[in-house]
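The values are calculated or read from the model by the stated rules, or taken from the named source; none is laboratory data. Here the structure is a predicted model, which means the values were calculated and not measured. So basically every Cβ, Gly included, is an ideal-geometry build from the backbone, and we count neighbours across all protein chains shown.
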Amino acid sequence: MEGNIAELGQYIGAGLAGIGSGAAAIGVGHVAGNFLAGALRNPSAAAGQTATLFIGIAFAEALGIFSFLVALLLMFAV
Amino acid sequence: MATEAHGEEAPGLVFHPLDQFIVKPLFGGEHVGLFTITNVTLWLALAVAAIAALFVLGTRGRAIVPSRTQSIAEVLYGFTYKMVEDVAGKDAIKFFPYIFTLFMFILASNFLGLLPMSFATTSHFAVTGVLALAVFFTVTIIGFVKNGAGFLSLFWVSSAPMALRPILAIIELISYFVRPVSHSIRLGGNIMAGHAVIKVFAGFAGLAAISPIAVLSITAIYGLEVLVAGVQAYVFTILTVVYLKDALHPAH
């Protein structure tokens, strides 16, 4: 069981970066859930806010994608 | 590095999940130069051809009662037009051709990338990066041409207390320059992650014991990826429109 300590660090780092994906999942769920809570209180106003919903989801999701990218870079590029 | 990532304990995984994104020359040889015709070139050209076919053939009849192809073209046009009008206002309509081109190109590339054995061009950050940088420079130039130095009021949050404004200006400036990065990586990362996940499950399908579950999972994820392809094209476009709105009306 011999290995390179740098490779060990790569794999651990990639796994830690995976936590970011879970955090982004919480964020996206928060946005969508709050949208739904508001939409059910006032359904007539909901249709006009779908663009805002998608923008919010996109911003929350981007950070999760960043962490995924860091994981990929650690696995294959470093 | 790529070959040692999967060990002996996974006999089903005979290919690497990221192998599908390798850029290869179409007509023999290994060298990829500046003007080499590669599989990326082919699928980018096919996306453009698909859009041209949809709009040229679809709207050729100009029927009052539209055919199916014409309906698709009309729905896509009307959807994008309404989005630009709603989000950025009437005076953004003259940039509608650019927005519509972006939307159709990304949508066509995403959907063509979902065909089996095809190549997902939008999974490459080189492709999405060029699109995002084009948006960034276009929007910045429009902002300065339309508003002159007044465009800088985008960074000066006038609704905040005076003591906070310099700090907010720095944050706004950083977030402005991170825009092309997040804009391109959001699209490319989503498409690449989706395709890689499908390939990982395709690797599991080689193991006899779990292959039924793996094939069912591939079907389910494929359905999700069709949704993601549409949503990401929409998100890229609507963020472009939002940036355009910032350039046209920079005041906070």
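Remarks
- Residues of the stretch B:80-97 that are out of contact with any Lys or Arg (no Cβ under 7 Å at 6 or more places or on another chain), crowded, with 16+ Cβ neighbours inside 10 Å and away from chain A (no Cβ under 13 Å): B:Phe95, B:Phe96.
- Candidates B:Val135, B:Val145: the one that is out of contact with any helix residue (DSSP H, G or I) (no Cβ under 7 Å at 6 or more places or on another chain) and of a type in the set (Val, Ile, Thr) is B:Val145.
- Qualifying residue in the stretch B:180-188 (condition: surrounded by 20 or more Cβ atoms within 10 Å (Cβ to Cβ), β-branched (Val, Ile, Thr) and either closer than 23 Å to A:Ile57 by Cα or at pLDDT 90 or above (or both)): yes
- Filter pass, A:Ala17 being in contact with a helix residue (DSSP H, G or I) (Cβ under 8 Å, 6 or more places away or on another chain), under 26 Å from B:Leu18 (Cα atoms), among the small types (Gly, Ala, Ser) and modelled with pLDDT under 85: no
- Counted residues, the stretch B:120-178 - those being in contact with a Lys or Arg (Cβ under 7 Å, 6 or more places away or on another chain) and either loosely packed, with under 12 Cβ neighbours inside 10 Å or farther than 30 Å from B:Ala108 by Cα (or both): 2
- Residues considered: A:Phe35, A:Phe59. Of these, the only one that is within 9 Å of another protein chain (Cβ to nearest Cβ) and either in a helix (DSSP H, G or I) or under 24 Å from B:Ser123 (Cα atoms) (or both) is A:Phe59.
- Hey, A:Gln10 within 27 Å of B:Pro180 (Cα to Cα), among the polar types (S, T, N, Q) and either in a helix (DSSP H, G or I) or more than 10 Å from chain B (Cβ to nearest Cβ) (or both) or not: no
- Members of the stretch B:197-208 that are within 14 Å of chain A (Cβ to nearest Cβ) and either surrounded by 19 or more Cβ atoms within 10 Å (Cβ to Cβ) or charged (D, E, K, R) (or both): B:Lys199
- When B:Gly12 is tested against (1) modelled with pLDDT of 75 or more; (2) surrounded by 15 or more Cβ atoms within 10 Å (Cβ to Cβ), exactly one condition is not met: (1).
- Among the numbered conditions (1) assigned to a helix (DSSP H, G or I); (2) at pLDDT 90 or above, the only one that B:Leu115 does not meet is (1).
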